[in-house]
Amino acid sequence: MKKTLLTTLLVQCAFVAFAQQEPVDLDMVHRIKQEGLKNSKVMETAFYLTDVSGSRLSGSTGLQRANEWSKSKLSEWGLKNAHLEEWGTFGRGWEFQKSYVAMTAPYYQHLIATPKAWTPGTNGELKGQAMLIKVEKEEDLAQYKGKLKGKIILTPPTREAITSFEPDAKRHTEEDLKKLAANPDAENNQRNNRNMTDWRAMMQLRTKVNEFVMAEGAAAILSTRGGTHGTHFTTNGAPYAADAKPVLPEMEMGLEDYGRLVRLLEAGQKVELEMETETRFLTDDLKGYNVIAEIPGTDKKLKDEVVMLGGHIDSWHASTGATDNAAGVAVMMEAVRILKALNIQPKRTIRIALWGGEEQGLHGSRGYAKQHFGDPATMALKKEHEKLSAYYNLDNGTGKIRGIYLQGNDMVRPIFEEWFKPFHDLDANTITIRNTGGTDHLAFDALGLPGFQFIQDEIEYDTRTHHTNQDNYERLQPEDLKQASVIVASIVYHTAMRDKKMPRKPLPKPRPTT
């Protein structure tokens, strides 16, 4: 017992000593705060990414506009080697030029809907009778054989429109952050695994239904993935691969409009619809691209080492992708603008990356990591792997930064604890060992590189903006984005100025693709 206690005390003392040795340039922190909070350009950047560029679906002309503008703006701010870097083959681009749907019987009602990505248009105005089909298993499809020709198909919604008696927008409470700082439990992992299994089964059945109704000569499909008060979620209705099988025109709707149609049909009312969508596929360039730019390092020994920051610049198509993820891109661009405005001379090179193809599977960051650092399937590493100090990512909406996920790397805890101290007055002080998933830092973590995502206030991300038709500029929180920008600028600066690279976890085992 005495030996165990002594060992514990020694480890704790070592952590304290390590933390005390980690320098913080408080003069630079002050200058970063002054520039970022009083002379911010983050909302101007967000405006050009959203309202000016438009939606930025992977492979679309909107994404091309945003890529070119971002590259030019980074060069204008004085960053070097700004360019578009190919990460690999993506597939067909897609966009829509017209979208209209209305109920014409039993009375007229305009409906809110968006074409699913990578679905064809209606080839002019389409008028047809709505038909509700109920399918819980593949065998249920047989009862509809020979009955669907020319029909516009609906299926019962899997979610209900729930009235919220609390505001959608929420910030993390102190209790929330305490729980977040604690270790995750196995129950959460088991629940996530069950949810993924259920989701895959649902998607397989949905594919069978879509194939069946198309073979039966149906004219189009209406569907819903939830949302409230006119908000609806969007996704793709077909693969983006160049050789993808054809599908029917399909539009996604909010629960209120969709629910009315379903209730009428269940009551035996005849429902007639008219719709028209114009979509086009872009096949001239099937490649995907990232936007890359640098602030070169100045130390003779360390300038070849790199600190990276980034976020994904692509979005979905029903709106302009403000919180997902123009917010993250604007913050990361603002962070490097702040550093250039202060004329810093970093020891290491600071490299910003704006990733493409994140929404379809982290394609841009994974392609970049494979080209520059190594292949997680084999763990065959490249020379640049040794040169990266850390990568920082932002992609959880418009909320202010409240701390950082360590991604299982407890060796960096004392470093971040010191670096976040100057930002406790800005509500950023939570350090958690937890992993977080779903975005581009995972491409680095898969290769054993220090890749981190910041903790952010949720605001209304999951309920109102994430992948919806309401992900607009108006949903951005300017003061939150300013706060995030100065924190990122400071963390990146201190990483670039450290005597040593950030500590790394042991290399993971190879993960062969199946």
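For the stretch 240-315, the strands (runs of 3 or more DSSP E) that sit wholly inside it and include 2 or more residues that are of a type in the set (A, V, I, L, M) and either at pLDDT below 95 or under 30 Å from ALA353 (Cα atoms) (or both) are 287-295, 306-312.
Checking each residue in the stretch 134-146 for being buried (at least 17 other Cβ atoms within 10 Å of the Cβ) and not in a loop (DSSP other than H, G, I, E, B) picks out LEU141, TYR144. Restricting attention to the stretch 9-19, does a residue exist that is modelled with pLDDT of 95 or more, within 30 Å of PHE416 (Cα to Cα) and not assigned by TED's automatic domain parsing to the domain that holds SER223? Scanning the stretch 9-19, I find no residue that is modelled with pLDDT of 95 or more, within 30 Å of PHE416 (Cα to Cα) and not assigned by TED's automatic domain parsing to the domain that holds SER223, so the answer is no. For the stretch 135-191, the set of residues classified as of a type in the set (Gly, Ala, Ser), at pLDDT below 90 and more than 30 Å from GLU250 (Cβ to Cβ) consists of ALA182, ALA186, listed by residue number.
Checked against (1) assigned to a loop (DSSP other than H, G, I, E, B); (2) touching a residue at least 40 places away in the same chain (Cβ under 8 Å); (3) within 30 Å of GLN483 (Cβ to Cβ); (4) of a type in the set (S, T, N, Q), SER365 meets all criteria but (1). Of the residues ILE487, ILE459, ILE491, the single one that is in the same structural domain as HIS312 (by TED's automatic domain parsing), hydrophobic (A, V, I, L, M, F, W, C), buried (at least 16 other Cβ atoms within 10 Å of the Cβ) and over 28 Å from GLU305 (Cα atoms) is ILE459.
Filtering the stretch 114-149 to residues that are among the small types (Gly, Ala, Ser) and out of contact with any helix residue (DSSP H, G or I) (no Cβ under 7 Å at 6 or more places or on another chain) leaves ALA117, GLY121, GLY124, GLY128, ALA142, GLY146. If the condition is being assigned to a helix (DSSP H, G or I) and either under 15 Å from HIS312 (Cα atoms) or aromatic (Phe, Trp, Tyr) (or both), then the stretch 432-458 contributes HIS441, LEU442, ALA443, PHE444.
Of these, THR197, THR234, THR207, which one is outside the structural domain of ALA390 (by TED's automatic domain parsing), surrounded by 14 or more Cβ atoms within 10 Å (Cβ to Cβ) and either aromatic (Phe, Trp, Tyr) or over 30 Å from ALA390 (Cα atoms) (or both)?
After applying the criteria, what remains is THR234.
All of LYS116, LYS127, LYS147 fail the test of being among the charged types (D, E, K, R) and either more than 30 Å from SER55 (Cβ to Cβ) or in contact with a Pro (Cβ under 8 Å, 6 or more places away or on another chain) (or both), apart from LYS147. ALA335 meets all of the listed conditions (1) within 22 Å of LYS80 (Cβ to Cβ); (2) without any contact (Cβ under 8 Å) to a residue 24 or more places away in the chain; (3) in a helix (DSSP H, G or I) but one, namely (2).
Filter the stretch 39-70 down to residues that are closer than 20 Å to GLU334 by Cβ and polar (S, T, N, Q), then give me how many there are. Spell out how you get there, then give the answer.
In the first step, residues of the stretch 39-70 are kept if they are closer than 20 Å to GLU334 by Cβ; the result is 39-53, 56, 65-70.
After this cut, where a residue has to be polar (S, T, N, Q) as well, the list is 39-40, 45, 50, 53, 67, 70.
Of the residues in the stretch 39-70, 7 are closer than 20 Å to GLU334 by Cβ and polar (S, T, N, Q).
The values are calculated or read from the model by the stated rules, or taken from the named source; none is laboratory data. Worth saying up front: this structure is predicted, and the values here are computed from it rather than measured. As a convention, Cβ positions derive from the backbone with ideal geometry for all residues, glycine included, and neighbour counts pool all protein chains shown.
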